[in-house]
Amino acid sequence: MTRVLSTLLSHYRRHPGQLIMLLLGLWVASALWSGIQAINATARDSYARADALFDTQLDQLERRDGMPFSRAEYHALRQAGLPVSPMLEGEVVTQDGTRLTLIGIDPLTLSSDNALAQANTSASLSDFLTPPWQTRVAPDALEALGITRENASAATPTLADGKTLAAHFSASTTAGHADHGYCRRSAVA
């Protein structure tokens, strides 16, 4: 062992530039590894936050024939004591052709720890449930609609078919709602 160590040391004594380059290479490699680990951790966190929006921690109930539940079936399930909550999903197209997914929920029947039902204050729940209504919008959906956060509360964007979304938009900047919403940009196939 001492023979190997003395051989290496004698080599690097004759070629000190190689020793400097070896140490520099090890330093750069460890710096790059640390940077990649930090990027991966941030990406994992971002994916987890995005997944939490639609991860209701609840089972999804669907009919075998694929048809939606009727109002009578929904009421029967509620009266039987099952904690079911309706959720509707649809798609709209903006004037520039961008597809947006709209999700309709009943926040009063969702469990309080559900990300879709959470509101930062009782006033925002009241705004969500009473005219002129309120829609929570993801930042990328606001951008697709050409709306800035500052002007979001009074916006009524026009869709491709000429209809107007007659709702007041809320682009909340609190930590709980900064990166998700009830209106999000759809994936284009």
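The values are calculated or read from the model by the stated rules, or taken from the named source; none is laboratory data. Just so you know, these numbers come straight off a predicted model, no measurement behind them. Ideal geometry is used to build each Cβ from the backbone, glycine not excepted, and the neighbour counts take in all protein chains shown. Surface areas here come from the heavy atoms of the whole protein model, side chains and all, with no ligands, DNA or RNA. Shrake-Rupley method; radii C 1.70, N 1.55, O 1.52, S 1.80 Å.
From the square roots a ≥ b ≥ c of the eigenvalues of the alpha-carbon gyration tensor of segment 1-46, which class results: rounded (a/c under 1.5), prolate (a/b over b/c), or oblate? Oblate. Between TYR47 and ARG64, residue separation times 0.36 nm minus the direct Cα-Cα distance comes to 3.0 nm. Close amide H pairs (under 5 Å, H built 1.01 Å from N) link THR135 with HIS168, PHE169, SER170, residues at least 5 positions away or on another chain. Rounded to the nearest whole Hz, the Karplus-based 3J(HN,Hα) values (6.51 cos²θ - 1.76 cosθ + 1.60, θ = phi - 60°) of segment 82-89 follow the sequence 7, x, 8, 9, x, 8, 10, 10, with x at glycine and proline. Residues whose amide H lies under 5 Å from that of ALA160, counting only those 5 or more places away or on a different chain, are VAL93, THR94, GLN95; hydrogens are built 1.01 Å from N in the peptide plane. Exposure check, 1.4 Å probe, all protein chains in place: LEU32 carries approximately 110 Å² of accessible surface. Packing, as the average of other Cβ atoms within 10 Å across residues, places the peptides 10-18, 60-68, 87-95, 136-144 in the order 136-144, 87-95, 10-18, 60-68, highest first.
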